[in-house]
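Participant: Before anything else, here's the structure in question.
Computed from the coordinates by the stated procedures, all read-outs in this text should not be read as laboratory data. Every value quoted in this text rests on a predicted model; they were computed, and no experiment measured them. Note that we place each Cβ from the backbone using ideal geometry, even for glycine, and neighbour counts take in every protein chain shown.
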Amino acid sequence: MKAVVIEKPGDESVLRLGEVADPIAKDDELLIRVKSAALNRADIMQRQGFYPPPPGASEILGLECSGEVIQVGKGVRGWRVGERAMALLPGGGYAEKAVVHFGSAMKAPPVLSDDEAAAFPEVFLTAFVNLFSLAGVKAGENVLVHGGGSGVGTASIQLLREAGARSIVTAGTDEKCQQCLKFGADVVINYRKGPFAPQVKAATNGRGADVILDSIGAAYLAENIEALAQGGRLVLIGLMKGARAEIDLAAVLRRHLKIFGSTLRSRPAAEKAEIVRDFLGRFGTALEAGRLRPPIYKSLPASQVADAHRMMQASEHFGKIVLRFG
């Protein structure tokens, strides 16, 4: 089959479309003929040699895909050959075929295109597990999401709207701020125009954010602590701008703050299956109705994978970038 291969870590030029062996589905797995695969920041890190796949996972890039089920393992329940699937993967999405544990796949509703279905699992499940399972967001709470125009950011805006919470998002340009507002964010902050913490306080009548979802890391830690409300929860899901920073522990104690760290890729299959079940139990109706759908910035043929990575690394996109295989 054709797949995106990397001969050695490096910049976008190391990516090329080549021939590799077909994956073999285990008894508890589905084999999917991939129609589309979506990009994530983790793909860039893996390409650069900084984020290896979990033990036993495919070395091929790609954490989410959509396509047609072409084989069902004998231990799989609830799936048939020919059904449309959208899958959360530990790796292997940038290829014509991919395997996935059946618990990490969702049936793609008719309202979603192949590109939208491919761009759904990683970002919506990431937003869901961190905002709702870990941080316990409740209706009426103020939630700050960094990178409002990203895949996780746009997924968060939609889930928070469904849950009756208030979304405050950051973005790096006035254009992206306007896009976030049009997409449904309640408050937007251009982080290039000064510190975000005072603006969060101003937008919440001095209270601060009840929850912060942060993919930036060290560079934002002190200001995140400042922006949190009494009893606030900070969920760290990325380290785009550093892994080490000092923290004012006195503020954490005095204000009863909670700090979580979380990744999705390395979780065991049983845990991912539980996340999928919980997500569908709470937001499945909204998914089927088309109220949850990732905005697609660009859809490119798989042969243009290097261009797709350049777009993502330049942060010029709003929403998701997708590679087409089918």
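Participant: If you line up the long axis of helix 269-288 against the longest principal axis of the chain, both from Cα atoms, how many degrees apart are they, to the nearest 10?
Facilitator: For helix 269-288, the angle is close to 80 degrees.
Participant: Tell me, what is the FRET efficiency for Phe260 and Met1 to the nearest 0.05, using R0 = 35 angstrom and their Cβ-Cβ distance as r?
Facilitator: Numbers: r = 39 Å, r/R0 = 1.10.
Approximately 0.35, to the nearest 0.05.
Participant: Relative to the longest principal axis of the C-alpha atoms of the chain, give the angle of the C-alpha long axis of helix 151-163, reported between 0 and 90° and rounded to the nearest 10°.
Facilitator: In the chain, helix 151-163 runs at an angle near 70 degrees to the longest axis.
Participant: Starting from the Kirkwood Rh over alpha-carbon pairs, what translational D in µm² s⁻¹ does the stretch 124-261 have by Stokes-Einstein at 37 °C and 0.692 mPa s? Numbers along the way, then the final one.
Facilitator: Working: Rh = 14.5 Å.
Roughly 226 µm²/s, to the nearest whole number.
Participant: Dipole magnitude of the chain about its Cα centre, charges +1 at Lys/Arg Cβ and -1 at Asp/Glu Cβ only, in debye to the nearest 20?
Facilitator: Working: 40 positive and 35 negative charges, 110 e Å.
My answer is approximately 520 debye.
Participant: Here's something else I'd like to know. Using only Cα atoms, tell me the angle between helix 305-314 and the longest principal axis of the chain; keep it within 0 to 90° and round to the nearest 10.
Facilitator: 0 degrees
Participant: Report which label in (1) 29; (2) 55; (3) 32 holds the value of percent of Cα pairs over 31 Å apart derived from the coordinates of this structure.
Facilitator: (1)
Participant: OK, next. Mind checking which of Pro294, Pro198, Val100 is farthest towards the positive end of the chain's charge dipole, using Cβ charges of +1 (Lys, Arg) and -1 (Asp, Glu) about the Cα centre?
Facilitator: Sorting the options by dipole projection puts first Pro198.
Participant: Might you report the magnitude of the Cβ-based charge dipole of the stretch 224-317 about its Cα centre, with Lys and Arg at +1 and Asp and Glu at -1, to the nearest 20 debye? Each step should come with its number before you reach the end.
Facilitator: On the way: 15 positive and 9 negative charges, 26 e Å.
Dipole of the stretch 224-317, to the nearest 20 debye: 120 debye.
Participant: So how far, in whole Å, is the C-alpha centre of the stretch 211-282 from the one of the stretch 130-156?
Facilitator: 11 Å
Participant: Also, quick follow-up: Need one number: convex hull volume per residue for the stretch 33-108, Cα atoms only, in Å³. Each step should come with its number before you reach the end.
Facilitator: Details: hull volume 6.2 nm³, N = 76.
Dividing the Cα hull volume of the stretch 33-108 by its residues yields 82 Å³.
Participant: Simple spin-label model, 7 Å along Cα-to-Cβ: Ser133 to Ser303 in nm?
Facilitator: 4.0 nm
Participant: Sticking with this structure for a sec: Considering the chain as a Gaussian network with a 10 Å cut-off on Cα pairs, which listed residue, Gly151, Gly49, Gly284, attains the greatest mean-square fluctuation?
Facilitator: With Cα springs under 10 Å in the chain, the top fluctuation among Gly151, Gly49, Gly284 is at Gly49.
Participant: While we're on this one: Pick from Gly92, Gly172, Gly149: which residue has the top mean-square fluctuation in a GNM of the chain where Cα pairs under 10 Å get a spring?
Facilitator: For the chain, modelled as a Gaussian network with Cα springs under 10 Å, the answer is Gly172.
Participant: Whats the longest run of the chain with zero trypsin sites (Lys or Arg not before Pro) that are DSSP loop and have at most 11 other Cβ atoms within 10 Å?
Facilitator: Details: sites that count: Lys74, Arg77, Arg80, Arg244.
For trypsin sites (Lys or Arg not before Pro) (loop position, at most 11 other Cβ atoms within 10 Å), the longest site-free span of the chain is 81-243.
Participant: Evaluate the stretch 172-326: find the radius of gyration of its Cα atoms, find its Kirkwood radius, and give the ratio Rg to Rh. Present the calculation step by step, with values, prior to reporting the outcome.
Facilitator: Working: Rg = 18.3 Å, Rh = 18.4 Å.
Ratio of gyration radius to Kirkwood radius: 1.00.
Participant: Choose one answer from Leu249, Leu144, Leu234: the residue with the largest mean-square fluctuation in a GNM of the chain with alpha-carbon springs under 10 Å.
Facilitator: Leu249
Participant: Just to be sure I understand the model, the point goes 7 Å from the Cα along the line to the Cβ. What's the resulting Glu271 to Ser315 distance in nm?
Facilitator: Distance between the two pseudo-spin positions: 2.9 nm.
Participant: Here is a follow-up. For the stretch 237-308, what class follows from the C-alpha gyration tensor (a ≥ b ≥ c being the square roots of its eigenvalues): rounded when a/c is under 1.5, otherwise prolate if a/b is larger than b/c, else oblate?
Facilitator: Numbers: a/c = 2.21, a/b = 1.40, b/c = 1.58.
Since a/c reaches 1.5 but b/c is at least a/b, the shape of the stretch 237-308 is classed as oblate.
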